């Protein structure tokens, strides 16, 4: 991702118009760090430490972009993504993972993810990616 892809206001802030982001990761420090990052850039953020918590709190019809970790106890990211697709959700999903297996990226895209980032990643890269997903999906 290029920094030029960001929508920069004259003040230097990235324009997001309070787009909604859901972050699901069992590592609470990752959730907290990503929330601070995304809120800093003007996004509205809700975090969840499990896919089960996300599904019980967020109606399927709610708009927003989902940043979803793959490896979590209980319902993992793959199962969560599959469940969303089966329910007809149009919510864009960005998969994140610390796993170095390159086949995961291919699998993520095959089953409908709009993006994949390997941890650790640059914060600006994630913001660019989310903005790009929002432009494509118009969520």
Between 111, 67, 21, which gets the highest mean-square fluctuation from a Gaussian network model of the chain, Cα cutoff 10 Å?
111
Of the convex hull enclosing the alpha-carbon atoms of the range 53-96, the direction-averaged projected area in nm² is 2.9 nm²
Solution diffusion estimate, µm²/s, Stokes-Einstein, the chain, Kirkwood Rh from C-alpha pairs, 20 °C, viscosity 1.002 mPa s:
142 µm²/s
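Multiplying the sequence separation of residue 53 and residue 36 by 0.36 nm and subtracting their Cα-Cα distance, what value in nm do you get?
That works out to 4.1 nm of additional length.
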Within the chain, the percent of DSSP beta bridges that are antiparallel, given to the nearest 5, stands at 5 percent
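No lab work stands behind these numbers, since they all come straight from the coordinates. Given the structure is predicted, the values throughout are model-derived calculations rather than measurements.
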